[in-house]
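Structure, as structure tokens:
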Amino acid sequence: MQTRLLPLLYDLKRNAVALNGLWLLHTDNPVVADWLIEACRPAWTAQGQFAKRMELTSPKSWHEVVNELFGLSLFDETTVLIVSGNHKPDTKDKALMSSLNRFTQDVKDKTNQNQLIWCLPKQDKKSLATKAMQFFDMHGLIIDGNIYDEKLRGEFLHLKAQELGLTLDDMAWQMLMNATEKNLLTAYQTLWRLSFLPHADVVGADELEQALVAGVDFNVFDLSDALLTANAPKTLQILNHLQHTDIAPSIVLWAVAKEARLILQIQAGKNPSELGVWQSKLYLYLNIAQRTQGISGDWLSQIYAIDKAIKGVSGMDVWGEIERLCLAMCGVN
């Protein structure tokens with residue numbers, strides 16, 4: 001079966017979709033794949049499901065995917081596989097196709113509740129006509145997540161504005177669409193920034209302009225500054241920007257871990273100047289070390305767990321755990 005992503009997102013909000021079986025999403029907008037996963041996550045959480053990511057390195061990787069789909073139902077460690085990579089399953093591989101057919105039958109019989117979401121770049125009609133794609137069309141769900149025109153881009157942005165609690169007047173919408181022409185991610189980031197700024201119930205062009213002007217790039221050093229000042233809203237804003245501009249989570253974790261270890265060393269009685277803390281930031285480090293004295297005990301274990309997740313050892317939500325650690329460092333439970 002085939003569908004467009006936008007109506008599927010609305011169905012997910014109404015809990016009108018069964019989250020299991022084989023799903024294939026193809027799109028040239030990476031942020032769209034994130035939106036699908038974010039829309040599914042509440043249902044996964046409610047059902048006690050966990051997500052795990054896998055990368056296809058060759059057609060043979062599909063054997064590993066199948067092993068996970070069946071192994072998960074036995075050990076119940078992870079029930080959602082988010083797979084990326086452009087390697088299609090070999091339909092001439094009888095053992096592989098037999099396993100995939102068995103999985104789809106088990107899903108129909110409700111004896112296997114696991115789910116596969118395969119994320120691909122945009123596929124043309126010729127690619128969608130291949131046997132591998134026809135298998136997903138017949139036994140699963142093919143989701144078209146491509147943005148074909150400005151009207152469709154506007155419809156996606158209306159949905160995201162609604163989720164952010166924003167209502168824009170006609171002039172503001174026209175300004176947003178013109179200022180971010182054909183760029184879905186930039187428009188979404190503008191709305192996200194706007195949600196953090198003081199705004200009226202109905203946002204006008206003047207308020208939107210503030211969010212557009214505020215659209216500067218952030219880096220991991222900005223994140224460190226926000227952590228040291230315990231600015232939780234700014235920390236979340238920077239993390240969102242870093243995630244959606246494809247900054248590697250390992251780089252973000254490095255910056256956060258560096259600050260966490262400095263703070264822990266100061267709490268253990270180390271001289272900040274001997275640790276290389278600049279004089280201009282000495283007060284900030286002493287202040288956060290004192291403020292988090294009783295709540296910093298789990299930081300190192302959190303850092304270790306996130307590092308394992310980045311390396312693929314666990315199915316933990318990397319960005320979600322980085323956010324949780326950063327908020328803890330800001331003093332937010």
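The values are calculated or read from the model by the stated rules, or taken from the named source; none is laboratory data. Just so it is clear, the structure is predicted and the values come from calculations on it, not from any experiment. Cβ coordinates were reconstructed from backbone atoms using ideal geometry, including for glycine residues, and neighbour counts include every protein chain displayed.
Here are some notes:
- Listed here are the strands (runs of 3 or more DSSP E) enclosed by segment 1-91 that have at least 3 residues being under 15 Å from Asp317 (Cα atoms): 51-55, 80-84.
- Leu120 falls short on exactly one of the conditions (1) in contact with a His (Cβ under 6 Å, 6 or more places away or on another chain); (2) not assigned by TED's automatic domain parsing to the domain that holds Lys92, and that condition is (2).
- Looking across segment 92-102, the residues that are assigned to a helix (DSSP H, G or I) and of a type in the set (Lys, Arg) come down to Lys94, Arg102.
- Only one entry of Val32, Val80, Val17 meets the criterion of being surrounded by 14 or more Cβ atoms within 10 Å (Cβ to Cβ), within 24 Å of the chain's Cα centre (by Cα), β-branched (Val, Ile, Thr) and at pLDDT 85 or above, and that entry is Val32.
- Members of segment 304-318 that are loosely packed, with under 13 Cβ neighbours inside 10 Å, in a loop (DSSP other than H, G, I, E, B) and on the phi < 0 side of the Ramachandran plot: Lys311, Val313
- Counting only helices (runs of 4 or more DSSP H) that fall entirely inside segment 103-210 and contain at least 1 residues that are under 24 Å from Thr235 (Cα atoms) and in contact (Cβ under 8 Å) with a residue 24 or more places away in the chain, the qualifying elements are 150-163, 184-196.
- Unmet requirement for Thr27, which otherwise passes all of (1) over 19 Å from Gln113 (Cα atoms); (2) free of Cβ contacts under 8 Å to residues at least 12 places away in the same chain: (2)
- Filter result (surrounded by fewer than 18 Cβ atoms within 10 Å (Cβ to Cβ) and of a type outside the set (A, V, I, L, M)) within segment 174-192: Gln174, Asn178, Glu181, Lys182, Asn183, Thr186
- The requirement of being out of contact with any His (no Cβ under 7 Å at 6 or more places or on another chain) and under 25 Å from Arg53 (Cα atoms) is not satisfied by Asp225.
- Residues in segment 131-152 that are surrounded by 13 or more Cβ atoms within 10 Å (Cβ to Cβ) and farther than 20 Å from Asp11 by Cβ: Ala132, Met133, Gln134, Phe135.
- Condition check for Ala232: hydrophobic (A, V, I, L, M, F, W, C), over 30 Å from Ala328 (Cβ atoms), in contact with a helix residue (DSSP H, G or I) (Cβ under 8 Å, 6 or more places away or on another chain) and not assigned by TED's automatic domain parsing to the domain that holds Lys92: no
Residue-wise test of (1) in contact (Cβ under 8 Å) with a residue 60 or more places away in the chain; (2) under 20 Å from Leu239 (Cβ atoms); (3) in a helix (DSSP H, G or I); (4) assigned by TED's automatic domain parsing to the domain that holds Lys52.
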residue: Lys270; (1), (2), (3), (4): no, no, no, no
residue: Lys281; (1), (2), (3), (4): no, no, yes, no
residue: Ala289; (1), (2), (3), (4): no, no, yes, no
residue: Gly294; (1), (2), (3), (4): no, no, no, no
residue: Gly320; (1), (2), (3), (4): no, yes, yes, no
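- Single residue of Ile238, Ile266 found to be hydrophobic (A, V, I, L, M, F, W, C), in contact with a Pro (Cβ under 7 Å, 6 or more places away or on another chain), surrounded by 17 or more Cβ atoms within 10 Å (Cβ to Cβ) and free of Cβ contacts under 8 Å to residues at least 40 places away in the same chain: Ile266
- Taken across segment 45-61, residues that are crowded, with 16+ Cβ neighbours inside 10 Å and in contact with a Phe, Trp or Tyr (Cβ under 6 Å, 6 or more places away or on another chain) do not occur at all.
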